[in-house]
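Readers should treat all values here as calculations from the given coordinates under stated rules, not as data from a laboratory. Here the structure is a predicted model, which is why all the values come from computation and not from measurement. Here Cβ is always computed from backbone atoms with ideal geometry, including for glycine, and neighbour counts include all displayed protein chains.
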Amino acid sequence: MRERFITHFDPFVIPFLVGMAFVLGYCLVAMVRVIAELPKADRKRFLGSLFTPKYIWMNVRDIFLNCLIHVKLWKRNKVLGFMHSSIAFGWFMIIVLGHLEVMLFVPERIRLFYYPIFFNYFVAETEQTIQGSLLMFLMDFFLLLILSGIAIAIIKRFASRIVGMRRTTRLSLLDRVGLYSLWAIFPLRLLAESFTAHISGGSFLTIPTNWVFRQFLGNDLYALPTWWAYSVALCVFMCVLPFTRYMHIPAEMLLIPMRNAGIRIRHPRKGFATLEVYSCPGCGVCIDACPMTVRKANCKDCTVYLNRQLRRGNERRIEEIADKCLLCGKCTAVCQVGAQGPELRVAQRERRKYALSPSYAGINVRPMARAVAAGAGGESGGVLYFAGCMTHLTPSIRRATASLLDKAGVRWQMMDPDGGLCCGRPLMMAGRTEQARELIAKNLEIIRASGCDTLLLSCPICYRIFKEEYPLDGIRVVHHSVFFQELIAAGQLSIQRDGEAKFVWHDPCELGRGCGIYEQPRQALAAAGELVEAGRHHAESICCGGSLGSLTLSFDQRRPMVRNALDNLTVADPSEIVTGCPLCLSTFVRDADRPVRDIAEVLDSRC
Amino acid sequence: MVNRTPVIAVIGAGIAGLEAARQLAALGYEPVLIEKAPVAGGHVAEWNRLFPDMTPASEVIRPLLEQTSGIRTCLDTEIASINRLKDGFNLVLSDGSSLICQAVLFATGFHLFDASKKEEYGYGIYDRVITNRDLEQWFNTRHDPRVDHPKAVGFVHCVGSRDIKAGNAQCSKVCCITAIKQAIEIKEEFPDAEVYCFYMDLRLFGKKYEDFYIKAQRDYGIHFIRGRVSEVGEAIDGRVVVKAEDTLSGKPVRVTLDLLVLMAGIVCNPDAQHYAREIGATVDEDGFLKSRNNLAAITESSRPGVFFAGACTGAKTVPETLAEARSAALAIHQYLSKRG
């Protein structure tokens, strides 16, 4: 290889340099701002993690797997996975190989920023070597890979159903500019490299293309304008990048280390939340996943649009979207970058100023504390069962749970025999964290007074907050489905199998996606009869539609969601729908065409 | 020979169907009553006494049955399918026979809301919780272990009515007054019992209803508590504990009762919806059948030859239903005479 130009420069690299300088400058400033906006403790924690070998390894691995290979997307949709990883990984490899070429053939030029990108323009091939042709082969191979990805992207844009997406986002104007310039970059690179392939050398893709073009063009006059066009396309893409959805590329590279360091959203517009918002690639997977979008309703209230409105600062829409959501967490479950839609919304709700904020600090729980202390009879240990408001409204669950506990010979007592205090989760969901904390303090007093070692919940809404927010060291917090499964496994409960029964388990949002409990209730149910699965289940189960998360959805609006969730549950034609959440239960009972029961009722009837 | 007398299929042999059939027969037509239950009389036949004069229900039903005894009545019969013909309808019945008729009258009535769907009230879970229908049956038979010399009785109004959550937004119209009637009857039966009515509104629109209400308070000492019941629990001795809010005093209320009666509301009859769709008549948003005009033509559907009477278009009282049945008979008469 020898250099063609003594100046090692051509004006066409200027657009590229401008774009590169702009995007790097922008990202640097944005990164400093995000880190500066973190609360002090979070910032310390994050910066510390960057120098801890364990975190460094985690970060490198996660960035490689998620940003380049798109592992999560592969698992979800092979075509989309191939499309994204071919473009991301292919581009990354072209940049790496470009630098390798420069280092190998003209090492003194590695300091020039543009040289690896436009290498083929600046050099002429003098002799063919094994490593040279291997590099060129790889360059052509990855270019072809990217081009195949771009081809799928173009097809997807015009017919998203082919790649398995029913609905995709509507692009903004700048998104379109970014998209079209991205599409243009790689075909232009192919053309540019092909036009100069007889000088710089090439491989299986560029040499034949070069040959074809030479057959009818006959001269090299087209080469320089194509290199210009390639550089301009790069410039346009990089200049619009901060204002388009492609900002997710740099944003995710910071998001992953922060998430690994355990940083959480504390303010809807500052620090980590900004990063979350900008990490959204705007793919729209959450639109199809969202339980609210049944019958094409509420499509613009999905997380992808929340992120977009947060970037635009459209306050009215932000409030609307933040309040409507059921907080089922399915968007996070399907999201490639794990965008925390529910957390972002709750943070937004927390900002709201209410005219009236009742205080619960004055509630006297001493009589209740005394009652449970008396119930324990001075003995420590045992199970304390908190039914909570929803179980009190579905008395058959409370009754079945009590009966199972007695049958298993467990020493237990109820924390709220005459109704108790709210667990605080509904307030948490509504963004009223302070009031929730007051209730937490009150409930803690009662739980401590009982001297129990296990706190049993039959409502996943309660279960989640007791598990996440209550400082209950030494006391095990357990959902009744898990507790009964363990009693069955230990032989304390013997369940008679019903040969006729065919159960389907509905994963309540708070229990499944919220707390990661999927298998224990299924195992317990399998002891009582045949277990079939719903159309979508586990982390992708569909919210019943009754969730407390939504502050604004009316019953009329929820009804199609309930029906959709029921249709999903009955695809395998079960004889009975079983769930572990009193709210799901009472939501389903109204519309179901077959019996709906709580897992405790099912087990109690077969015990 | 071709039968010249026009045949009219009357679906449902409750009071609406019986009254309409009686009138149609008097007008010289040949009505055919189709009833899925083994006996005629519908919901009213299950009731003991009727408001506001405490008339025994049998006094309404018996004459209707006697006067329709000559009319062909298919009991225990459902409709397998309905086809529209050029100038009439062909109904295939569940016994395999087919019925060619010139007009169809829907007198399909209503369904009583399934109170166990409101699980928080504990129907089907607690032994001392019954519905208005169960109580009427007790008045008829005096046999129900759940009603055992109660000292305190509660009535919950609007169970499954005016309740969007339960999928039934409309008012059932007759339960306010039925609750008052039943409360008085309980008080007459058990004079020592305390009786409470938990209501959100009292809609006492009919003749003598208001007097009835005042009488219940003044003469019988029945307690009316304005506020919905939030939940029902069970005490250790099996009695039921009702929690509600007295919205007039703004205080939570807790009462322990020996008997709780749920005033299950009137909801649409799903069979009627099914038949209406088959025949091409419209079903309204509330699930009841949709009249051509809610003011001037309540008994007519949007489809010629298809008529409605009684609670199939919405909750009705007994006199309203009977009046509508007569009106429907006249509407059918006009329709058939116009066709010649």
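Modelling each spin label as a point 7 Å along the Cα-to-Cβ direction, I'd like the A:Glu486/A:Tyr222 distance in nm, to one decimal.
Taking the simple label geometry, A:Glu486 and A:Tyr222 are separated by 7.3 nm.
Would you mind checking which residues have amide H under 5 Å from B:His111's amide H? H placed 1.01 Å from N; only 5 or more apart, or other chain.
Hits under the 5 Å cutoff: B:Val267, B:Cys268, B:Asn269.
Report the trypsin sites (Lys or Arg not before Pro) located in the stretch A:377-469 that are in a DSSP loop and have at most 14 other Cβ atoms inside 10 Å of their Cβ, or state none.
Those satisfying the criteria are A:Arg411.
Report, in listed order, any pair from B:Lys181/B:Lys207; B:Lys151/B:Lys207; A:Lys75/A:Lys296; A:Lys330/A:Lys442 with a Cα-Cα distance greater than 20 Å.
Over 20 Å apart, Cα to Cα: B:Lys151/B:Lys207; A:Lys75/A:Lys296; A:Lys330/A:Lys442.
Please turn the phi angles of the stretch A:269-275 into ³J(HN,Hα) values with the Karplus equation 6.51 cos²θ - 1.76 cosθ + 1.60 (θ = phi - 60°), one per residue in order, whole Hz, x for glycine and proline.
With the stated coefficients, the stretch A:269-275 comes to 10, 10, x, 4, 4, 4, 5 Hz.
Give me the distance between the Cα centres of the stretch A:174-203 and the stretch B:268-302, rounded to whole Å.
Cα centroid to Cα centroid, the span is 66 Å.
How are the Cα pair distances of the stretch A:319-436 distributed, in percent, across 10 Å bins from 0?
With 10 Å bins starting at 0, P(r) equals 11, 28, 27, 24, 10, 0.
Bin width 10 Å, origin at 0, all Cα-Cα pairs of the protein assembly as shown: what percent of pairs per bin?
The percentages, shortest bin first, are 2, 9, 15, 17, 16, 13, 10, 8, 5, 3, 1, 0.
Mind ordering A:337-344, A:454-461, A:147-154 by average Cβ neighbours within 10 Å, highest first?
A:454-461, A:337-344, A:147-154
Kirkwood Rh, Cα Rg: Rg to Rh for the stretch A:449-607?
Computed over Cα atoms, the ratio is 0.98.
Tell me, what is a quarter of the convex hull surface for the C-alpha atoms of the stretch A:463-505, in nm² with one decimal?
So the Cα hull casts an average projection of 4.4 nm².
Chain B: D in µm²/s via Stokes-Einstein (Kirkwood Rh, Cα pairs, 25 °C, 0.890 mPa s)?
In µm²/s, the coefficient rounds to 116.
Taking H placed 1.01 Å from N in the peptide plane, check which residues at least 5 places from A:Lys270 or on another chain put their amide H under 5 Å from its amide H.
Result for A:Lys270 returns nothing.
Quick check on the stretch B:1-154: take the gyration tensor over C-alpha atoms, sort the square-rooted eigenvalues as a ≥ b ≥ c, and tell me if it's rounded (a/c under 1.5), prolate or oblate.
Prolate, because a/c is 1.5 or more and a/b exceeds b/c.
What number do you get for the stretch A:241-342 when its Cα radius of gyration is normalised by 2.2 N^0.38 Å, N = residues?
1.01
Within 10 Å of each candidate Cβ there may be at most 16 other Cβ atoms; applying that plus a DSSP loop requirement, which trypsin sites (Lys or Arg not before Pro) in the stretch A:322-364 survive?
Those that pass, being in a loop and sparsely packed, are A:Arg351, A:Arg352, A:Lys353.
Using just the helices of the protein assembly as shown, give the 222 nm mean residue ellipticity in deg cm²/dmol: DSSP H runs with n ≥ 4 each add -39,500 (n - 2.57), and the total is spread over all residues, rounded to 500.
Roughly -14000 deg cm²/dmol at 222 nm, from the helical runs in the protein assembly as shown.
Alpha carbon centre of the stretch A:393-456 versus the stretch A:575-600: separation in Å?
Value for the Cα centre distance between the two parts: 22 Å.
I need the phi-derived Karplus couplings for the stretch A:594-602: 6.51 cos²θ - 1.76 cosθ + 1.60, θ = phi - 60°, integer Hz, Gly and Pro marked x.
So the J values, rounded to whole Hz, are 9, x, 10, 9, 7, 4, 5, 5, 4.
Once label points are set 7 Å from the Cα along Cα→Cβ at both A:Thr552 and B:Thr141, what is their separation, rounded to one decimal in nm?
According to this spin-label approximation, the distance is 5.3 nm.
Enumerate the amide H contacts of B:Cys171 below 5 Å, restricted to partners 5 or more residues apart or on another chain; note that Pro and chain-start residues carry no placed amide H.
Amide H neighbours of B:Cys171, under 5 Å, 5+ apart: B:Arg162.
Among all helices in chain A defined by DSSP H, which have a length of 30 Å or more along the axis from Cα atoms plus a Kyte-Doolittle mean of at least -0.5?
Membrane-span-like by this criterion, though nothing is claimed about a membrane: A:13-37, A:78-105, A:130-158, A:173-195.
What distance in nm lies between label points placed 7 Å from Cα along the C-beta direction at A:Leu47 and B:Lys208?
8.8 nm
In whole angstrom, note down how far apart the Cα centers of the stretch A:545-568 and the stretch A:506-528 are.
21 Å
Are there trypsin sites (Lys or Arg not before Pro) in the stretch B:1-51 that DSSP marks as loop and that have at most 12 other Cβ atoms within 10 Å, and which are they?
Answer by residue number: B:Arg4.
Based on the Cα coordinates of the stretch A:166-306, what is the per residue volume of their convex hull in Å³?
Expressed per residue, the convex hull around the Cα atoms of the stretch A:166-306 is 173 Å³.
Roughly what % antiparallel, to the nearest 5, for the DSSP beta bridges in the protein assembly as shown?
Antiparallel bridges: around 40 percent, rounded to the nearest 5.
How many times 2.2 N^0.38 Å is the alpha carbon radius of gyration of the stretch B:112-266?
Dividing the Cα Rg of the stretch B:112-266 by 2.2 N^0.38 Å gives 0.96.
When DSSP assigns beta bridges and you keep just the ones with both residues in the stretch B:112-266, what percent turn out antiparallel, to the nearest 5?
Taking every DSSP beta bridge within the stretch B:112-266, about 45 percent pair in antiparallel fashion.
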